[in-house]
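All remarks here apply to the structure that follows.
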Number of protein chains: 2
Amino acid sequence: MIPTITAFASSPDRGRGQARDMRVRWALEEVGQPYDVRLVSFSEMKQPAHLVLHPFGQIPTFEDGDLTLFESGAIVLHIAERHDGLLPGEAKARARAITWMFAALSTLEPPIVDLGMAMLFERDKSWYEARLPVLRDRVRVRLGELSVRLGDADWLDGAFSAGDLLMVTVLRRLNASGLLDEYPDISAYVARGEARPAFKRAFDAQLAVFTAASTGR
Amino acid sequence: MIPTITAFASSPDRGRGQARDMRVRWALEEVGQPYDVRLVSFSEMKQPAHLVLHPFGQIPTFEDGDLTLFESGAIVLHIAERHDGLLPGEAKARARAITWMFAALSTLEPPIVDLGMAMLFERDKSWYEARLPVLRDRVRVRLGELSVRLGDADWLDGAFSAGDLLMVTVLRRLNASGLLDEYPDISAYVARGEARPAFKRAFDAQLAVFTAASTGR
């Protein structure tokens, strides 16, 4: 029995791997766990059959036998706890790696999503030009702090972990902003993540969904 | 040896228990773990001695022997994993409770913080009146979904867990918005959390810090 995840039938990111199913796909690829994917449309996500799985009507979900999880962070942690390869075995190093998972989702992602949302949905608003620099500066503060902590290390705390996996996927959401170009060390960190064979397999799998959908299969 | 956490020397919430040390205090009280508190000023938070503990210059941090953690979610999970009382013992129920921890921080908290930030920092902006209803509606969507899932249960998934602890602290950040009044079931859920003896002890402890600071001790 292999787990089933959900993903967008038609991803708004047009196959750039910025939807949150990418995190779960990547984690599953890192640990060598095969999985099935069930695609859901935007309207299906808000219907009862999906809301039973995900009370907030989003993707991804994770079903394994009679266990159902949602929230990409929780799913990645669940996978990391049950397989080798995404969390250190030593207890303290493991707690620190989990700290980076939360840092990616709680400290980095919110200002990055705010910027992305404004770029998508507020371009026509009277305040867009005034707010944009504020939002960009808020992201810069976090990138600057992250850069200092990363220093010349390859990964955030020792070996590659689920903390790096989530952080790289969060940072990739900045691709359209140009902000990563201002931080060559962080760009290189993201590139190291993207160069991992498991990332590539996950990326290709989500891209194949988009390609199939856009060519009518 | 008891752990040490950091908290604001002068909390911007004026003792209402909305700063993130409250989550860690509450978790430690739930499991009966004594702790020390080191207070830090806003300028100290951005200085090297604190940045070693917390790369993003925030509170809370958690030090236990030679282990240092940051991110309130990660600290609460660390406490919950090492003591009874905050996570179910059964593996699937445990994974679901952890899912609610991530849901609180990743799905509920960002729109709630956005609303709070706008109410604090954008009141004088030309766009405030236009943006405010959008931000409030974004929170309402999540509260509505949460209300449906909660139904007539006391807690989100079985017994009180670290998921409820984080969710209640996140929802309490809405106190100034009036939005909780629109969802009596969610207000009652928050009140159930606040009625727990461990919550009260944690709340009183953080309030004592504010009271002492504001009266010059």
Backbone HN-Hα couplings from phi across the range A:10-17 [Karplus 6.51/-1.76/1.60, Hz, Gly and Pro as x]: 9, 6, x, 8, 6, x, 7, x
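Placing +1 at every Lys and Arg Cβ and -1 at every Asp and Glu Cβ, with all other atoms neutral, what dipole size does chain B have around its Cα centre, in debye to the nearest 20? Numbers along the way, then the final one.
Numbers: 26 positive and 29 negative charges, 77 e Å.
The calculated dipole for chain B is roughly 380 debye.
Treating the beta-carbon of each Lys and Arg as +1 and of each Asp and Glu as -1, no other charges, what is the dipole magnitude of the range A:91-196 about its Cα centre, to the nearest 20 debye?
On the way: 15 positive and 15 negative charges, 64 e Å.
Charge dipole of the range A:91-196: 300 debye, to the nearest 20.
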Å³ per residue enclosed by the Cα convex hull of the protein assembly as shown: 153 Å³
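Could you list B:154, B:114 in order of exposure, starting from the residue whose Cβ has the fewest other Cβ atoms within 10 Å? Walk me through the intermediate numbers first.
Working: B:154 13, B:114 20.
In increasing order of surrounding Cβ atoms, one gets B:154, B:114.
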Note, the range A:127-139: 3J(HN,Hα) by Karplus (6.51, -1.76, 1.60, θ = phi - 60°), whole Hz, Gly/Pro = x, goes 8, 4, 5, 6, 7, 3, x, 5, 5, 5, 5, 5, 5
List the distances, in nm to one decimal, from the label point of residue A:91 to the label points of the same position in every other copy, shortest first, placing each label point 7 Å from Cα along the Cα-to-Cβ direction. 2.1
In deg cm²/dmol, rounded to the nearest 500, the helical mean residue ellipticity at 222 nm of chain B, built from -39500 (n - 2.57) for every DSSP H run of length 4 or more, is -17000 deg cm²/dmol
Want the number for residue A:66 to residue A:84: 0.36 nm per residue separation, take away the alpha-carbon distance, what's left? 4.2 nm
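What is the order of A:180, A:166, fewest Cβ neighbours within 10 Å to most?
Values: A:180 19, A:166 26.
Taking fewest neighbouring Cβ atoms as first place, the list is A:180, A:166.
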To the nearest µm²/s, what D does Stokes-Einstein give for the range A:91-196 at 20 °C and 1.002 mPa s, using the Kirkwood radius over alpha carbon pairs as Rh? 149 µm²/s
Kindly write out, for the range B:163-169 in residue order, the coupling ³J(HN,Hα) from the Karplus curve 6.51 cos²θ - 1.76 cosθ + 1.60 (θ = phi - 60°), rounded to whole Hz, with x marking Gly and Pro. x, 5, 4, 5, 4, 4, 5
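Just list whichever of A:46/A:92; A:46/A:125; A:125/A:200; A:200/B:46 have alpha carbons separated by over 30 Å in the model shown.
On the way: A:46/A:92 40 Å; A:46/A:125 28 Å; A:125/A:200 37 Å; A:200/B:46 38 Å.
As for pairs spanning more than 30 Å Cα to Cα, those are A:46/A:92; A:125/A:200; A:200/B:46.
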When the charge dipole of the range A:91-196 is computed with +1 on Lys and Arg Cβ and -1 on Asp and Glu Cβ about the Cα centre, the Cα farthest towards its positive end, among A:104, A:188, A:177, belongs to A:104
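For A:155, B:26, what's the fewest-to-most ordering of other Cβ within 10 Å of each Cβ?
Lowest count first: A:155, B:26.
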Measuring from centroid to centroid over Cα atoms, what is the spacing of the range B:136-215 and the range A:158-217 in Å? 35 Å
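Could you size up the charge dipole of the range B:76-153 around its Cα centre, putting +1 on the beta carbon of Lys and Arg and -1 on that of Asp and Glu, and report it in debye to the nearest 20? It would help to have the intermediate numbers written out before the result.
Details: 12 positive and 11 negative charges, 28 e Å.
Using Cβ point charges on Lys, Arg, Asp and Glu, the range B:76-153 gives about 140 debye.
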Using Cα centres only, tell me the gap between the range A:20-36 and the range A:103-125 in whole Å. 25 Å
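None of the figures in this text is laboratory data; all of them are computed from the coordinates on show. Everything quoted here is computed from the prediction, not taken from an experiment. Every residue, glycine as well, gets a Cβ built from its backbone with ideal geometry; the counts of neighbours run over all protein chains shown.
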